[in-house]
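Below is one structure; the comments refer to it alone.
Values in this text are rule-based calculations from the coordinates and carry no lab data. Computed from a prediction, not measured in an experiment: that's the story for all the values here. Don't worry about glycine lacking a Cβ; one is built from the backbone with ideal geometry, like all the others, and counts go over all protein chains shown.
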Amino acid sequence: MSEASGAPRLEPLREDWERALCVVAHPDDLEFGAAAAVARWTGQGKRVVYCMVTSGEAGIDGMDPGECRAVREAEQVESARLVGVHQVEFLGLPDGILEYGVPLRRAIAAVVRRHRPEIVVTGNFRETWGGRNLNQADHVAAGRAVVDAVRDAGNRWVFPEQLGDGVEPWGGVREVWAFGSPEGQHAVDTTDTFDAGVASLEAHRAYIEGLGWEHFDAREFLEGFARQAGQGLGVAFAAAFEVFPMGWGE
Ligand SMILES: [Zn+2]
């Protein structure tokens, strides 16, 4: 379905919720597609928590993982602060060789049960970014595990060792939202928080430098995607997401 302009029409994301948990494979993932949206939500008084499955320690060619881990965790914490997120968790699983499976689901389900979010945000976990640009293995593993772990979290017979001491099953996640997906049909207006999103990406200084992309400009990079999603929503800038309904009977 297309508008006359040629931009696919996008539906607005729901905003009738209070708690979101963002779970992604690497520090910097959220900043490439969701940070401006997060800034909007925290500005509305919603509570957003970040969870990094790895610390991105294998992400800088010229830096030893031992050193890199601390640098990237610090950059992520600062990056989160700039969009109003004051809690960032690191699960410490291995960067670059993340495996989809029960251990990953278990680790993520525990986080979902502790934070009891209504919305869970993750990154694109489809095979490509659209066209022939293949996605990265950790992103695919993490996103698939997020969707499954959201279900696991609600089942008291799955990972029962996590329950007790005030931790209960949590089946209250209504939707999982994946940013950067080629199948995104929803979006949120980020016109007023776009600058915060840019600052949030720029906070990954060592990482961006380490990529060695000549003349990389965070603003310019993010603007292209934001403008395109904005056209679909009828606003200047927006962030697009693929929505996976998780609730029962909605
Ligand atoms: Zn990544």
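Some observations on this one:
- Going from the fewest other Cβ atoms within 10 Å to the most, the residues 220, 118 appear in the order 220, 118.
- Helices in the chain, meaning DSSP H runs of at least 4 residues, each add -39500 (n - 2.57). Divided by all residues, the mean residue ellipticity at 222 nm is -11500 deg cm²/dmol.
- DSSP-defined beta bridges in the chain - what % are antiparallel, rounded to 5: 40 percent
- Contact order normalised by residue count of the chain, Cα under 8 Å, 6+ apart, percent: 26 percent
- DSSP beta bridge pairing in the range 22-147, given as percent antiparallel to the nearest 5: 10 percent
- Residues whose amide H comes within less than 5 Å of that of residue 186, counting only those at least five positions distant or on another chain, are 11, 241, 243 (H built at 1.01 Å from N in the peptide plane).
- Derived scalar couplings between HN and Hα for the range 208-224 equal 5, 4, x, 5, x, 6, 5, 6, 5, 10, 4, 4, 4, 4, 6, 4, x Hz in order, rounded to whole Hz, by the Karplus curve 6.51 cos²θ - 1.76 cosθ + 1.60 (θ = phi - 60°), x for Gly and Pro.
- Pair-distance distribution P(r) for the chain, from all Cα-Cα distances in 10 Å bins starting at 0: 8, 31, 39, 18, 4, 0 percent.
- Fully extending the segment from residue 214 to residue 86, taken as 0.36 nm per residue of separation minus the present Cα-Cα distance, adds 42.9 nm.
- Magnitude of the charge dipole for the range 1-84, about its Cα centre and with charges confined to Cβ atoms of Lys, Arg (+1) and Asp, Glu (-1), is about 460 debye.
- The share of alpha-carbon pairs in the range 1-89 lying farther apart than 18 Å comes to 51%.
- Karplus-derived 3J(HN,Hα), 6.51/-1.76/1.60, for each residue of the range 46-54, Hz, glycine and proline x: 6, 9, 10, 10, 9, 9, 9, 5, 10
- Fewest-first ranking of 208, 97, 108, 119, using other Cβ atoms within 10 Å as the exposure measure: 97, 208, 119, 108
- Among 59-67, 17-25, the order from most to least packed when residues are scored by Cβ within 10 Å on average: 17-25, 59-67
- Net charge over other residues, Cβ less than 14 angstrom from the Cβ of residue 61 (K, R count +1; D, E count -1): -4
- Sites residue 221 and residue 137 - FRET efficiency at Förster radius 35 Å, r taken between beta-carbons, to 0.05: 0.95
- Sorted fewest first by neighbouring Cβ atoms within 10 angstrom, 244, 125 come out as 244, 125.
- Whether the range 34-132 is rounded, prolate or oblate, judged on the alpha carbon gyration tensor where a/c under 1.5 counts as rounded: rounded
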